[in-house]
Amino acid sequence: MSGPILDLPTPVLDALTPTSRRLVADRRGSTVWEVESPQGHYAVKLGRPVEATAEWDAQPWTALAPAREGAVLHHLGRRDVVYGEWEHGTWNVQPWRSGPDLYRLWEPRRRREAPVEPHVSVAPGCVEALAEVHARGWAHGDVQPAHFIVGPDHVHLIDLALARGGDVPEVYDFPYRGCLVHYEAPEISRSVLATGRAEPTPEADVYALGASLLISATGWRAVEYPDDAPRSVQREAVADGRRRPVKAPGRLGELIDAMLSHDPKDRPTLQEAAEVLN
């Protein structure tokens, strides 16, 4: 249960004076709104803590994530983002990115209702978007298909609350404890299993990009484990390298296979990936 849906904080309402708003995501500890206002078109993210239940531990960090993402985006030169605090946690406001995410874009391809090449042509944009983050000295830490928004002229990489690479205000910071396991590199899963936390790296982001391209193109996860397996079991499978064969077509399949190498040193750099795709 995510709890009752809470309205936008008063400072956000006062600043944006929305003409319309639509709830687009309601997950444990966070909601995302699409807001139209006289000032423009925005995404508003609200964070609140997750209380412990019989199924999961308490997650206080979710309350801090929107402000942490705002601080990261400022490091990356994004002055069109504002963030602050509200009674339940923190919030941020950033420009809305229009377009399908990578997984949704490739859905016709997975059903074999579309040719390969138009979709392969999007992959360089994903590489470029991630490379822009790395070029500024940051690792994203949460690369997944839903975080690549394919606009008409540019692929946007969103959701940087877990990124590492520079200082953020201590009051909004929290340890990195992994991400969605489908896209975790083996070294990240091993570290989380051993210590409860890990350190995102560019090499782990490359693995996650490969896993994102694979599941978007084929519908299959990179690593095999039961759909209802606990996260610890999922991470053990990833750490042990129980990979499925890559069945994506052509040069994209060859690149994904290299990106999913168990050893980080064997994965291509993003520059090498771009050269393969272009």
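When S232, S37 are sorted by how many other C-beta atoms sit within 10 angstrom of their C-beta, beginning with the fewest, the order is S232, S37.
For the pair the stretch 136-205 and the stretch 16-85, the centres of their Cα atoms are 17 angstrom apart. Using Cα atoms only, what is the angle between the long axis of helix 186-195 and the major principal axis of the chain, expressed in degrees (0 to 90) to the nearest 10? It is inclined by approximately 50 degrees. Available extension along the chain between A25 and T10 is 3.4 nm, counting 0.36 nm per residue and deducting the alpha carbon span. For n ≥ 4 DSSP H runs only, could you compute -39500 (n - 2.57) per run for the chain, divide by its residues and tell me the 222 nm figure to the nearest 500? Computed mean residue ellipticity for the chain: -10000 deg cm²/dmol.
Compute the Cα gyration tensor for the stretch 164-224, then decide on rounded, prolate or oblate, letting a ≥ b ≥ c be the square roots of its eigenvalues: rounded whenever a/c is under 1.5, prolate when a/b is larger than b/c in the other cases, and oblate in all that remain. Note, shape of the stretch 164-224 comes out prolate.
The C-alpha atoms of the chain define a longest principal axis, and helix 65-75 lies at about 80 degrees to it. Relative to the longest principal axis of the Cα atoms of the chain, the long axis of helix 202-218 lies at roughly 80 degrees.
Expressed as a whole percent, the proportion of Cα-Cα pairs in the chain lying more than 28 Å apart is 37%.
The numbers here are math on the coordinates, done by the rules we state, and not lab data. Computed from a prediction, not measured in an experiment: that's the story for all the values here. Note: ideal-geometry Cβ built from the backbone for every residue, glycine included; neighbour counts use all protein chains shown.
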